[in-house]
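This report refers to the structure that appears directly beneath it.
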Amino acid sequence: MTANPTGSARFLIVGPQGSGKGTQGVLVAEAFGVPQVATGDIFRANVSGGTELGKRVQAIIEAGDLVPDALTSELVRDRLAQPDAAAGFLLDGYPRNRGQVDDLAEFLGGRGEGLDAVIELEVPREESITRLHDRAVKQGRTDDTEEVIANRLAIYERETAPILDVYRAQDLVLAIDGVGTLDQVTQRIFDALASRGLIAQGSGGNGAAA
Ligand code: AMP
């Protein structure tokens, strides 16, 4: 099989908070040699750095609400215009609603590009909540309180899960069972990508080893 014939690796990873998408996203991005672009991380870095952007979004993030689309999409457009994202990227946490799906399609379409795969990490609600509580204890994130977690999961179910319908219609979605050990889930992701001819360079067919 020809490994990743087009050489492009433009991925999204989508899943509820606590699905492990951050951790898995980093592994996929590293294996394919593309940057992981996580909007939540970018916003949090701006909040802790006290930037203008950080000041604008801090209250929104602490409530677990969504930052306005125009602001978020502009941030992503700027990031994806950087040279290191020319051949690919892994987006984590964006797009998060229909408006952002359209913004991304317009931006990529303008460059003559499209997505190669959307990785959907499936984790039952109860499992997500347990993992988020664990993370709250370990990392002390200000948006990992009980009330804010409930708000973020509700927004996921209402606004983010439906975007998968758009990508399913384009046959881009790889549904992955997110319950299991970290390694098991990683392997499932690499196997699913490989089934679409998306194989990390130099990985000998096993992206997890890269
Ligand atoms: P995350 O780490 O992906 O859970 O993101 C943390 C917070 O950042 C979210 O609860 C939102 O307040 C904000 N955020 C991250 N990504 C987006 C996005 N694509 N659209 C709007 N807000 C976002």
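The values are calculated or read from the model by the stated rules, or taken from the named source; none is laboratory data. Small disclaimer: the values here were computed from a predicted structure and weren't measured. Every residue, glycine among them, receives a Cβ derived from its backbone with ideal geometry; neighbour counts consider all protein chains shown. Ligands, DNA and RNA are excluded from the accessible area calculation, which covers all protein heavy atoms including side chains. Shrake-Rupley method; radii C 1.70, N 1.55, O 1.52, S 1.80 Å.
Some observations on this one:
- Fluctuation leader among K21, K138, K55 - the chain, Gaussian network, Cα springs under 10 angstrom: K138
- The chain, Rg to Rh (Cα coordinates; Rh as Kirkwood inverse mean 1/r): 0.95
- Backbone phi angles across region 105-120, fed through the Karplus curve with coefficients 6.51, -1.76 and 1.60 (θ = phi - 60°), yield HN-Hα couplings of 4, 5, 5, 5, x, x, 9, x, 10, x, 6, 9, 6, 10, 8, 9 Hz in residue order; Gly and Pro are listed as x.
- Placing pseudo-labels 7 Å out from each Cα toward the beta carbon at D65 and A45 gives an inter-label distance of 2.6 nm.
- The packing ranking of peptides 79-88, 8-17, 65-74, highest mean first, is 8-17, 65-74, 79-88, where packing means the average number of other beta carbon atoms within 10 angstrom of each residue.
- Inter-label distance for V166 and Q201, nm, one decimal - labels placed 7 Å from Cα along Cα-to-Cβ: 3.0 nm
- Helix-only arithmetic for the chain: the sum of -39500 (n - 2.57) across DSSP H runs with n ≥ 4, divided by the residue total, places the mean residue ellipticity at 222 nm at -15500 deg cm²/dmol.
- Calculated on C-alpha atoms, the gyration radius of region 20-77 divided by its Kirkwood radius gives an Rg/Rh of 1.02.
- Using alpha-carbon coordinates, inclination of helix 52-63 to the longest axis of the chain, degrees: 80 degrees
- Helix 125-139 and the longest principal axis of the Cα set of the chain meet at an angle near 70°.
- Region 91-153 - Rg over Rh from alpha carbon coordinates, Kirkwood radius: 1.11
- Assigned charges on the beta-carbon of Lys, Arg, Asp, Glu; region 119-162 dipole about Cα centre (debye): 160 debye
- Share of carbon and sulfur in the accessible heavy-atom surface of the chain [1.4 Å probe, %]: 51 percent
- Heavy atoms of the protein chains alone define the surface here; on that basis region 137-176 has 57 Å² accessible area per residue at 1.4 Å probe size.
- Over all directions, the projected convex hull of the C-alpha atoms in region 88-196 averages 7.9 nm² in area.
- Using the alpha-carbon positions of region 13-124, Rg (one decimal) and Dmax (whole number) come out as 13.9, 37 Å.
- Each Cα pair under 8 Å and six or more residues apart adds its sequence gap; the mean of these over the residue count of the chain is a relative contact order of 34 percent.
- Placing dummy labels 7 Å off each Cα toward the beta-carbon, the span from E159 to L182 is 3.0 nm.
- Per residue, region 59-130 exposes 45 Å² of solvent-accessible protein surface, assessed with a 1.4 angstrom probe and all protein chains in place.
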